[in-house]
Structure formats: structure tokens, C-alpha cells
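Just below is one structure, and these are the notes that go with it.
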Amino acid sequence: MGVVMGEPRGTHVPVLLERCLELLAPGLALPGAVHVDFTLGLGGHAEAVLERFPDVVLIGLDRDTEALAHARHRLTRFADRTHLVHAVYDELPRVLGELSIPAIHSGLFDLGVSSLQLDEADRGFAYSQDAPLDMRMDQSRGVTAEEVVNGYEPGELVRILRQYGEEKFAPRVVQAIVRERAKARITSTARLAELIKEAIPAAARRTGGNPAKRTFQALRIEVNAELDALEGAVPAALDVLAPKGRLVVMSYQSLEDKIVKRALAARARSTGPIDLPVELPGTGPTLRLLTRGSELPSEAEVAENPRAASVKLRAVERIDEQEQGPKYNQAPRTGRERPRMAGPTRGGGEK
């Protein structure tokens with residue numbers, strides 16, 4: 001894909017940059033550290049990592065070829081210690097295999113739509129701007145939102161809007177779509193947004209922002225198979241996280257955060273019988289939670305970067321089994337004091 005370099009399209013202010021660096025720093029400082037930016041975007045977080053940790057090797061993944069080209073240009077001065085790869089984040093095992101890298105020491109997921117995709121009308125993500133109904137993060141492959149809207153059976157469309165958009169008026173929206181597409185193919189974001197607005201009751205339109213928001217989110221998730229990829233990506237990242245390595249995940253809607261929470265929690269607690277006084281080998285936690293639930297942005301962060309308003313941050317550290325082994329295998333002093341979950345180090349709001 002031909003992309004003219006220079007100032008990248010889109011306004012890019014990295015979300016929670018300093019907090020991410022603070023949480024990742026111990027992993028980035030490990031000898032021979034490899035950092036994976038699973039959602040490279042325009043490279044803001046990656047650039048900060050490379051600038052502040054001159055020995056770190058970066059692997060940057062992105063399915064968006066335009067974003068990848070801009071990031072490559074931005075990070076040119078670090079070319080000797082970067083590997084920028086056109087890939088979806090659940091393809092990490094393949095990428096590491098091709099690079100002959102067995103483990104990583106730091107990783108960052110910044111989920112959702114990138115600044116580039118959201119700001120540029122021609123990508124079809126924004127309901128406030130007229131554009132072709134595309135919504136593909138990787139414009140080199142896959143079905144478009146236009147194909148979904150015009151080709152899916154009504155029942156399947158209702159399921160998608162309910163499951164991925166949590167749209168309680170999904171049947172009404174789909175009825176409007178079906179009536180319209182019977183007359184003419186729906187090809188633009190503006191026409192779809194208008195149909196959605198007309199389908200949702202006036203009382204419901206007065207709160208909650210643009211009435212098209214939930215439907216557009218649902219279509220984007222379906223087009224890009226985002227939740228399926230995330231379901232595989234987080235466990236894959238944890239599988240290759242080195243002892244004392246750290247992972248930070250920022251999500252922007254509840255469906256993503258639930259997947260992340262479940263994947264992290266599963267490895268942060270014991271899997272052994274609860275009534276045993278000692279931890280059985282191989283049943284102890286492999287992760288230490290670094291945040292109490294999900295951390296929310298401060299008012300100052302949101303004022304500086306409005307796109308941080310809905311972010312939920314979770315972070316974990318891989319337990320060093322050699323150091324932690326005695327703690328989890330020795331008999332506790334009293335009754336059932338055996339650790340069931342590694343404790344957090346900083347508070348936040350569980351949502």
C-alpha cells in the first residue's frame with residue numbers, strides 16, 4: 001500500500017504514556033529485554049520505550065499497513081533494534097518463531113481504534129463523518145462493513161449488535177437496515193448513521209451520546225474479529241512472558257476488559273485444592289497483579305487527551321518461580337493462610 005510519509009494522518013497522543021512506562025520499567029530494564037508493542041499504531045508508546053531504554057529490542061505488530069508505514073518512518077533512527085511486522089496481535093507465536101526469539105520481557109496492548117483510523121473519514125470508522133462503509137483495520141484483506149450490513153441475515157445482524165455493541169434496540173435498528181437495503185444498497189457511514197438515529201426512540205437518543213455509537217462498534221468488532229483475536233492474544237503473550245516480565249493492557253469497552261480480566265485472573269490464583277495447607281508444585285499463581293482491578297485515567301489525563309476517558313488499564317508481572325517457590329511451597333504459620341492470589345501494588349477502581 002502506497003503511503004506518503006511526513007506528518008501522519010490523525011492526531012496521536014499516547015494514552016497513559018507515563019503510567020505505562022512506570023509499570024513496564026522493571027521488565028524493560030531486564031538484561032536483553034525484548035518489548036512487544038502489540039498495537040503499534042503510529043508508534044507513540046514504542047518511541048518512548050526506545051528513547052528511554054537504549055538496550056531494549058522492540059517488536060511492533062499492527063494489522064494496519066498505513067499505520068505500520070508511518071510508525072516505520074517515525075522509528076527509523078531505531079531501525080537496528082526494531083522488528084516491525086504486519087500481523088494481528090494473536091499471531092505473536094508465529095512472529096517470535098520467525099525471529100528466533102523465545103521469550104519477551106515487556107508487552108503493551110492499547111486496544112480499540114487507532115487515532116489514524118478514527119480521524120480519517122475515508123477509513124469508515126467514524127459515524128460523525130461521511131465515508132464508504134469499510135471499517136477494516138487491514139485494508140488488504142477481509143470483509144467490509146458494507147458487506148456485513150448488506151449481506152448478513154437479519155438474525156445474525158441482531159446478534160452482532162446485541163453481543164458486540166450491547167445495543168438494546170438491535171431489532172429496531174436491523175429492521176430499518178433491512179428495509180433500506182431492500183430498496184438500495186447501503187454504502188456510506190452517513191446513511192447508516194441516519195438509519196440508526198431514526199430507528200432508536202427519541203427518548204433514548206437524548207442520553208448516551210451519538211445513537212450510532214453502539215452499532216458502529218459492533219460492526220467494527222465483527223469486521224476485524226477483534227474479540228476472537230484478543231481471546232487468543234492475551235494467553236499467548238503470557239505464555240512467552242519471561243520471569244519478572246511485565247504486561248500492560250489498556251481496553252476501552254467492557255467486552256475487551258472482561259476478556260483481559262478473565263485471562264489475567266486465571267493465572268494470578270492457585271489451581272490447587274483449597275483445603276491443602278501447602279501449595280502443590282505447579283499449582284501456584286504464575287502472575288502477580290500490579291493493579292487493583294482496573295485503573296482509570298485521572299482527570300488531568302482526560303483533560304490532556306480526551307480519548308483516554310474510557311480507558312481501563314490492567315497490569316501484571318510474571319512470578320519468578322525460583323524466587324517465589326519457597327513462599328508458595330512452605331507450610332504457612334496458621335490454618336489456611338496459603339496465598340490464593342498475588343497481591344496488587346497500587347490501587348485503582350474496579351469497574
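The values are calculated or read from the model by the stated rules, or taken from the named source; none is laboratory data. As the structure is a prediction and not an experimental result, all values here were calculated from the model. Neighbour counts run over all protein chains shown; Cβ positions are idealised from the backbone, glycine included. Just so you know, the surface numbers come from the protein's heavy atoms only, side chains and all, with ligands and any DNA or RNA stripped out. Shrake-Rupley method; radii C 1.70, N 1.55, O 1.52, S 1.80 Å.
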Beyond 32 Å between alpha-carbons counts as too far, so tell me which of LYS168/LYS312; LYS183/LYS258; LYS183/LYS213; LYS183/LYS312 fall in that bin.
LYS183/LYS258; LYS183/LYS312
Between GLU321 and GLN129, 0.36 nm times their residue separation minus their Cα-Cα distance comes to what?
63.9 nm
On the accessible surface of segment 183-233, probed at 1.4 Å, how many percent belong to carbon and sulfur atoms?
47 percent
By how many nm would the segment from GLU153 to ALA229 lengthen if fully extended, with 0.36 nm per residue of separation less the alpha-carbon distance?
25.0 nm
Extension gain ALA79-GLU166, at 0.36 nm per residue separation less the Cα-Cα distance, in nm?
27.1 nm
With the crude spin-label approximation of a point 7 Å out along Cα→Cβ, what separation in nm comes out for LYS183 versus ARG292?
5.6 nm
What FRET efficiency do you get for VAL13 and GLN175 if R0 is 45 Å and r is their Cβ-Cβ distance, rounded to the nearest 0.05?
0.70
With all protein chains present, calculate the accessible area of ASP228 using a 1.4 Å probe and round the result to the nearest 10 Å².
110 Å²
